[in-house]
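This report refers to the structure that appears directly beneath it.
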Amino acid sequence: KKAELIYEEALGMRKKLHGESHENVANVLQEMGDLMDDICEYDEAMNLFAECLNIRKRRQGEDHEDVASTLYAMGFTLHNQAEHERSMFCFDEALKIRIDKFGDEHPMVGDTYNMMGFVEAKRGELDESLRLLWEALRIRKHTGETIKASETLKNIGNVHREQRQLELALECYEDCLRMRRFELGNEHEKIADALIALGNVKCDMTLHDSAMETYKEALRIRTHVYGTYDDRVASVLQNIGIMEFRAGNLNQAKDHLDEFIRIRRRNQTDKTADYVNVLFVIGNIYRIKGDDRQAKVAWTEAQDIFNTVGLAEENPEIAQVLDNLLKGPDPTAKRKTVLGRFSVGLADERVRNKGGKQKKPLKVL
């Protein structure tokens, strides 16, 4: 809020000094839009970017590099709003200007290809996503941007994982991890991030022991970097807990999932699909162990959150599963793991860049 007030004051001063349609006014509008995007005020961000874009086009011409920067920012915000077609239009316009001004192998061209590939993956256009991401990777390697190249490699791995091409995904994540270790050492968040992606695909491949080792290294790094009670530590505890549950190690699974709940409650973090999933699995653990009363306690809380945050309307099948479980014991339930994980297209540690708050549809795996 303080930063917003400072920008508003600066905007007023520049308008008074230069007039309503000066480049310096546009610069402040761009920065304000970026701030609004950062705090998830996407409509306000788009209004600021639109005003900035109009000024820049009038004052600097429609093919100016600053126009491309504003179009890129608009594409990013539209992506955060899940307006993927409009987002792609903005990125495509930005790309044309950047190629014209800087050539085919400029870092900003690589950035634009990377985001276009990311958005195409969100749209489900996975082949086109790969084409764009490989072009981004080529440019980023050419310009020596190793960390950015590792991010694109991870995104490529995410798309292969979505296509169930797990060996290719594994190779991408391993290359990503190697690049990051070389640049950053072994105790950086980006190492943990790559390890989690690697653990996820190993889990998909039923390489449970190897996945567990990978998750535990990520847990150690995040605990070292952020401390014991950070939400990013909790997210790894969730992964480990789910893995232990799938392996039938119920006590270990519950210990890790209980710790996830404890950290999230301590931090008063918004209760999202991940939180519902953990409660659901805890309920499954109680049911398998024969404690129907505690199972219903966990499932009831899961259902309450599920309905409160608006997930039930978007996920009627899961809502029905929860309803059925709470109606009464299923004599075959002890042999079932009704729900191991909620996921969404490219959720969890999959295709990602700078993200926003979105309600995401779920599916039972």
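The values are calculated or read from the model by the stated rules, or taken from the named source; none is laboratory data. Keep in mind the model is a prediction, meaning the values are calculated, not measured. Neighbour counts are summed over all protein chains in view; Cβ atoms, including those assigned to glycine, are modelled from backbone coordinates with ideal geometry.
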Within the stretch 37-49, identify whether any single residue is surrounded by fewer than 19 Cβ atoms within 10 Å (Cβ to Cβ), at pLDDT below 90, part of a helix (DSSP H, G or I) and not acidic (Asp, Glu), and answer yes or no.
no
Kindly indicate which of Thr77, Thr112 is touching a residue at least 40 places away in the same chain (Cβ under 8 Å), in contact with a Leu (Cβ under 8 Å, 6 or more places away or on another chain) and of a type outside the set (Gly, Ala, Ser).
Thr112
Among what's in the stretch 246-279 and is hydrophobic (A, V, I, L, M, F, W, C) and at pLDDT below 95, pick the residue that is farthest from the chain's Cα centre (by Cα).
Ala247
Those residues of the stretch 146-171 which are among the hydrophobic types (A, V, I, L, M, F, W, C) and free of Cβ contacts under 8 Å to residues at least 24 places away in the same chain, in sequence order:
Leu168
Looking at the stretch 123-157 only, could you name the residues that are out of contact with any Cys (no Cβ under 7 Å at 6 or more places or on another chain), among the basic types (Lys, Arg) and surrounded by 24 or more Cβ atoms within 10 Å (Cβ to Cβ)?
Arg140
Among the residues of the stretch 188-198, are any in contact with a Phe, Trp or Tyr (Cβ under 7 Å, 6 or more places away or on another chain) and farther than 29 Å from Ile305 by Cα?
yes
Conditions (1) among the charged types (D, E, K, R); (2) more than 17 Å from Glu244 (Cα to Cα); (3) without any contact (Cβ under 8 Å) to a residue 40 or more places away in the chain: number failed by Asp209:
(2)
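Determine, yes or no, whether Leu53 is over 17 Å from Asp111 (Cβ atoms), in a helix (DSSP H, G or I) and at pLDDT 95 or above.
Working: over 17 Å from Asp111 (Cβ atoms): yes; in a helix (DSSP H, G or I): yes; at pLDDT 95 or above: yes.
Yes; evaluated as a whole, the condition is true for this residue.
Quick check on this structure: which one of Tyr215, Tyr226 is under 21 Å from the mean Cα position of the chain (by Cα) and surrounded by fewer than 23 Cβ atoms within 10 Å (Cβ to Cβ)? If you could, list the steps in order and put the result at the bottom.
Numbers: Tyr215 fails: surrounded by fewer than 23 Cβ atoms within 10 Å (Cβ to Cβ).
Step by step, each of Tyr215, Tyr226 is checked, and only Tyr226 is under 21 Å from the mean Cα position of the chain (by Cα) and surrounded by fewer than 23 Cβ atoms within 10 Å (Cβ to Cβ).
Report yes if Ala218 is in contact with a Leu (Cβ under 8 Å, 6 or more places away or on another chain), assigned to a helix (DSSP H, G or I) and not assigned by the TED database to the domain that holds Thr272, otherwise no.
Working: in contact with a Leu (Cβ under 8 Å, 6 or more places away or on another chain): yes; assigned to a helix (DSSP H, G or I): yes; not assigned by the TED database to the domain that holds Thr272: yes.
In short, yes.
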Evaluation of Asp231 against (1) closer than 24 Å to Asn200 by Cβ; (2) buried (at least 21 other Cβ atoms within 10 Å of the Cβ) (one fails), failing number:
(2)
Give the residues of the stretch 57-112 that are under 22 Å from the mean Cα position of the chain (by Cα), more than 14 Å from Leu132 (Cβ to Cβ) and of a type in the set (Ser, Thr, Tyr), sorted by residue number.
Tyr72, Thr77
